[in-house]
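**Student:** The structure that follows is given in the form of structure tokens.
Read-outs throughout are calculated quantities, based only on the coordinates presented, and are distinct from any laboratory measurement. Worth saying up front: this structure is predicted, and the values here are computed from it rather than measured. Note that we place each Cβ from the backbone using ideal geometry, even for glycine, and neighbour counts take in every protein chain shown.
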Amino acid sequence: MATPTIDTSATKAMYGAFRTRLLGYVPVAPLPTVKLSERARPVRLYSGGWAPDTAPYPYVLARFMNGDSATFMLRTPFDLELLLYDRPRAFADDLEDVADVIDQAMKQFTARDPNGVRGLAFSRGRRRDTLPPFTNPADREVVAIRMVFSLVVYPQFLTVLGTALPTA
């Protein structure tokens with residue numbers, strides 16, 4: 001299997017790379033081998049932590065958080081938070097399946113800039129929580145799962161300002 005590539009030229013590009021990875025990943029059995037974007041009820045992914053008011057279920061909200069400027073902002077540890085939502089509650093098990101596919105897609109994730117010079121990203125761990133139903137006045141039929149992946153990125157938009165540490 002070829003090493004995935006990631007565009008780290010800007011934050012928007014990094015969101016796009018993770019969207020491509022998560023929605024285009026082909027799961028390995030025993031999970032159904034269907035991409036999230038090609039399921040009977042396709043999963044959508046919105047970046048920046050918000051979705052349109054009319055977003056159809058199921059969907060995932062993605063946001064970067066807890067960014068740290070280790071090693072003079074060349075090596076940047078941060079978390080990728082994914083909030084998975086579906087409705088009605090009858091689809092709770094389906095949402096767990098979506099989370100399983102995302103777990104596979106992010107397990108030991110490593111990606112390099114297509115040019116191979118700058119822009120490395122890799123995962124270091126994850127946390128996963130199935131959230132309890134919302135209370136009134138929120139919609140109790142909405143089910144949610146929170147996943148947080150710890151990542152390290154050498155973003156090209158920062159490493160271009162200095163010499164990145166060796167990655168090998």
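**Student:** So if I average 1/r over every pair of distinct C-alpha atoms in the stretch 2-43 and take the inverse, what Kirkwood radius in Å does that give?
**Tutor:** 11.4
**Student:** Percent of Cα-Cα pairs per 5 Å bin, from 0 to the last occupied bin, for the stretch 11-159, please list those.
**Tutor:** All Cα pairs, binned at 5 Å, distribute as 2, 9, 18, 22, 19, 13, 9, 5, 2, 0, 0 percent.
**Student:** While we're on this one: How many percent of the alpha carbon pairs in the stretch 7-96 exceed a separation of 17 Å?
**Tutor:** The answer is 57 percent, as a whole percent.
**Student:** Would you kindly state how much longer the chain becomes between A138 and F122 on full extension, computed as 0.36 nm times their sequence separation minus their alpha carbon distance, in nm to one decimal?
**Tutor:** 2.1 nm is the gain from fully extending A138 to F122.
**Student:** Treating the beta-carbon of each Lys and Arg as +1 and of each Asp and Glu as -1, no other charges, what is the dipole magnitude of the stretch 11-159 about its Cα centre, to the nearest 20 debye?
**Tutor:** 460
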